[in-house]
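In what follows, a single structure is set out as structure tokens and then discussed.
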């Protein structure tokens with residue numbers, strides 16, 4: 001740094017200013033990248049928690065024998081399930097077997113699926129991968145034993161993978177119905 005006071009120079013040279021600006025640019029770029037990564041990671045964790053909560057909600061409906069009302073008639077479905085319809089849309093559904101009781105039929109393979117409420121959507125560009133056609137879990141009433149998309153349990157444990165902007169996480173549903181966020 002040169003000084004000027006009473007004939008002497010004060011200030012920074014152009015080279016010194018450019019070096020400081022380059023260092024600040026590098027630090028800002030690194031900070032922005034870290035911010036973006038943490039934002040995507042937070043979105044993934046939020047999606048993972050949301051899906052795990054909805055699966056547990058479907059299981060809770062089966063455990064409590066939640067009733068449904070259709071056309072003014074209240075009934076207890078044979079069970080409740082959770083499924084992905086595409087790589088970012090999912091819902092809770094229930095099944096009812098026409099002309100039979102749930103004890104005569106398991107209510108899943110012979111039942112008709114009806115949605116409970118509206119679809120849920122993964123936010124923030126998060127997608128589910130690998131198991132779109134298999135990501136279906138069904139909880140039978142009254143004790144909520146769990147089966148999977150082919151109604152045998154052979155696909156369990158079922159791992160659902162989530163991804164966003166190169167980041168990834170997953171959750172697993174085991175044969176006992178336990179949901180683990182990985």
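Each reported figure results from applying straightforward, stated rules to the coordinates on display, with no laboratory input. Keep in mind that what you see is a predicted model, and the values were worked out from it rather than measured. Using ideal geometry, Cβ is built from the backbone for each residue, glycine included, and neighbour counts are taken over all protein chains shown.
Taking 0.36 nm per residue of sequence separation and subtracting the Cα-Cα distance, how much length would be gained by fully extending the chain between residue 53 and residue 127, in nm to one decimal?
That pair, residue 53 and residue 127, stretches by 24.9 nm at full extension.
What nm value, rounded to one decimal, do you get for the distance between residue 19 and residue 76 when each label is placed 7 Å out toward the C-beta?
7.9 nm
Ranking request for peptides 80-86, 66-72: highest mean number of other beta-carbon atoms within 10 Å first, then the rest in descending order.
Listed from highest to lowest mean packing, they are 80-86, 66-72.
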